[in-house]
Amino acid sequence: MSSKKIPGDRLVLAMISVLRTLILDLSARGIMNHEEFATKPQTIATAHREAGDPNNLADAIHAISEHLLDSKV
């Protein structure tokens, strides 16, 4: 593997893509329901907002949830 450094934004987009692929594959195999799983991060985002969201993560967490909900198995 190359020791080339990957910019943070590219790494985050790649991680979201890998997560989405994993969740959709598990859903297609009947192991989990991707729509049910995708709503769980919304609960996490709400908890962040209620705690004042000091790391400013709630909107990003919610956006990942919406991306998963928009995905098709």
Test for Lys40: is it modelled with pLDDT under 95, under 12 Å from the mean Cα position of the chain (by Cα) and more than 18 Å from Leu13 (Cβ to Cβ): yes
Search result, residues across the stretch 17-38 that are among the hydroxyl-bearing types (Ser, Thr, Tyr) and either touching a residue at least 12 places away in the same chain (Cβ under 8 Å) or loosely packed, with under 10 Cβ neighbours inside 10 Å (or both): Ser27
Hey, Ala14 surrounded by 12 or more Cβ atoms within 10 Å (Cβ to Cβ), of a type in the set (Gly, Ala, Ser) and either assigned to a helix (DSSP H, G or I) or in contact (Cβ under 8 Å) with a residue 12 or more places away in the chain (or both) or not: no
Residues located in the stretch 18-45, provided they are assigned to a helix (DSSP H, G or I) and among the polar types (S, T, N, Q): Thr21, Ser27, Thr39, Gln42, Thr43
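Name the single residue, out of those in the stretch 45-67 being among the hydrophobic types (A, V, I, L, M, F, W, C) and surrounded by fewer than 17 Cβ atoms within 10 Å (Cβ to Cβ), that is nearest to Leu24 (Cα to Cα).
The qualifying residue nearest to Leu24 (Cα to Cα) is Ala63.
The values are calculated or read from the model by the stated rules, or taken from the named source; none is laboratory data. The model shown is predicted, which means the values in this text are computed figures rather than measured ones. Positions of Cβ are backbone-derived with ideal geometry, glycine not excepted, and every protein chain shown enters the neighbour counts.
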